[in-house]
C-alpha cells in the first residue's frame with residue numbers, strides 16, 4: 001500500500017469536509033442539528049478535527065485495499081467504486097441511524113452527500129496513485 005497516497009487521499013476527504021461544513025452547508029446543517037435539540041459547542045474542536053482525520057485515514061486505507069484487491073487501475077472504475085462505497089455503505093448506514101434518531105432530512109442529505117463525494121474522491125485518487 002502506498003501510504004503517501006493514502007495520507008493525501010485522507011487529507012483530501014478531510015479538506016472536502018471542512019469546505020462542506022464550513023463554507024457550503026455549515027449554517028443549514030447547524031440549524032438542522034439545533035432543530036433536533038443538539039447544542040453545538042466549539043470547545044474541543046482540535047480533538048474533533050484530529051479524530052475526523054483519523055477516520056478519513058482509515059477509510060482511505062480500506063479504499064486502497066479494495067482497489068488493490070479488485071485490480072482497479074483507472075480513474076473511471078475508481079470513481080465507480082467510490083460511489084458504490086459512498087452510497088452502499090456510508091449513506092445506508094447514516095440512513096439507518098437517522099431513521100431511529102429522527103434527524104431532519106436536510107441534515108441527512110448534507111451528511112450523506114459529504115461521504116458520497118468523499119468516497120468518490122478516495123476512489124479517484126487511490127485508483128491512479130498506487
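Rule-based calculations on the coordinates, nothing more; no lab input. What you are looking at is a predicted structure, and each value in this text was computed from that prediction instead of being measured. Reconstructed Cβ throughout: ideal geometry from the backbone, glycine too, with neighbour counts over all protein chains shown.
Using alpha carbons only, what's the Rg to Rh ratio of segment 29-130 with Rh from Kirkwood?
Working: Rg = 15.6 Å, Rh = 14.8 Å.
Looking at segment 29-130, the ratio lands at 1.05.
Fewest to most neighbouring Cβ within 10 Å: what's the order for 43, 113, 127?
By the 10 Å Cβ count, ascending, the order reads 43, 113, 127.
How long is the gain from residue 49 to residue 1 if the chain were fully straight, where each residue apart is worth 0.36 nm and the alpha carbon distance is subtracted? All intermediate terms of the calculation are to be shown ahead of the outcome.
Working: separation 48, 0.36 × 48 = 17.28 nm, distance 2.47 nm.
Separation in residues times 0.36 nm, less the Cα-Cα distance, equals 14.8 nm.
Would you order 39, 92 from fewest to most other beta-carbon atoms within 10 Å of each residue's own beta-carbon? Before the final figure, lay out the partial values.
On the way: 39 6, 92 12.
Starting with the residue having the fewest Cβ neighbours, the order is 39, 92.
Which of 45, 22, 63 ends up with the largest GNM mean-square fluctuation for the chain, with Cα atoms connected below 10 Å?
45
Test of understanding: ordering 6, 96 by Cβ neighbours within 10 Å, fewest first, what list do you get?
Working: 6 24, 96 10.
By the 10 Å Cβ count, ascending: 96, 6.
Find the centroid of the Cα atoms in segment 1-72 and in segment 86-109, then give the distance between the two in whole Å.
After rounding, the separation between the Cα centres reads 16 Å.
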